[in-house]
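See structure below.
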Amino acid sequence: MEAYWSRFFPAYEQLREELQKGTIGDVYQVTAGIGVKFDENWRISNKELCAGSVLDIGSYPVQLASQVFGGERPYKIVAAGHLNEYEIDESSSATLLYSNGRTASLSTHCKVEFPNEAFIIGTKGIIKLGPLFWAPTQLTTPTKTYEYQHPKPSKKLFFLNSEGLAFQCVEVRRCIMNGLLESSIVSHEESIVMAEMREGIRKELGVFYPQDAI
């Protein structure tokens, strides 16, 4: 199972439930942007390690769009962004087109902080995840706001809300105890789709790595 820890937060479980119930009707739009200030380090300077905003923090808006649209491959990706002196993307804005008139608008930035919220928009209303939509403690529907408590860590953690990794550990244990080869929440097939989505975006930006020549 790929380490998309976001999928296992209680807020994401609630999101899946709300979508299944049709709380906001037919969903046509996902809008999600992640902006986090990076220090000048390998994450935006080392091409050999595939640095850049899309393959790093861009995983989070991609996985959200994929979840909302059922793991479907977008039929078209249009993207633009700014590359730094290392020819690595420090920002991106992408539009992903899906069947039946559905769209995802996804953005990343390594130099400024975004509100870091995500919106799932349907014919009957909007669901908001966030702040920190990839590790949320809050989900808001048209009629209710849900608040969630995460496990209390005994030591200081490096990333915000990273105690939420415990939720994925619970799912890994469940899969192992039941002899499962994959989790239905992040299937092998969907992992491939999400990798293709990120590859499509970064190639639209004109970012290429040494590994592309292999």
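The values are calculated or read from the model by the stated rules, or taken from the named source; none is laboratory data. Just so we're clear, the structure is a prediction, and the values are computed from it rather than from any experiment. When we count neighbours, we look across all protein chains shown, and the Cβ atoms used for this are built from the backbone with ideal geometry, even at glycine. In case anyone asks, the SASA skips ligands and DNA or RNA and just uses the protein heavy atoms, side chains included. Shrake-Rupley method; radii C 1.70, N 1.55, O 1.52, S 1.80 Å.
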Task: Residue satisfying all of: in the range 175-207; closer than 26 Å to H82 by Cβ and without any contact (Cβ under 8 Å) to a residue 12 or more places away in the chain; farthest from the chain's Cα centre (by Cα) among these - done: K203
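P61: open to solvent by less than 30 Å² (accessible area, probe 1.4 Å), touching a residue at least 24 places away in the same chain (Cβ under 8 Å) and within 17 Å of A135 (Cβ to Cβ), yes or no? Step through it out loud before you land on a result.
Working: open to solvent by less than 30 Å² (accessible area, probe 1.4 Å): yes; touching a residue at least 24 places away in the same chain (Cβ under 8 Å): yes; within 17 Å of A135 (Cβ to Cβ): yes.
In short, yes.
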TODO: State whether the residues of the range 42-63 include one that is under 17 Å from I126 (Cβ atoms) and not in a loop (DSSP other than H, G, I, E, B).
DONE: yes
- [ ] Check N46 against each of (1) under 21 Å from G164 (Cα atoms); (2) surrounded by fewer than 19 Cβ atoms within 10 Å (Cβ to Cβ) and name the one condition it does not meet.
- [x] (1)
- [ ] Provide a single number: the residues in the range 1-30 that are under 15 Å from the mean Cα position of the chain (by Cα) and open to solvent by 50 Å² or more (accessible area, probe 1.4 Å).
- [x] 4
TODO: Say whether the condition of being on the phi > 0 side of the Ramachandran plot and of a type outside the set (K, R) is met by at least one residue in the range 184-196.
DONE: no
- [ ] Looking only at the range 79-99, count how many residues are more than 15 Å from the chain's Cα centre (by Cα), open to solvent by 20 Å² or more (accessible area, probe 1.4 Å) and small (G, A, S).
- [x] 3
Open item on the list: Cβ-Cβ under 8 Å, sequence separation 6+ or interchain: first residue in the range 20-42 and more than 17 Å from L97 (Cα to Cα), partner at pLDDT below 95 and not in a loop (DSSP other than H, G, I, E, B). Which pairs?
Closed with: F38/I44; W42/L49
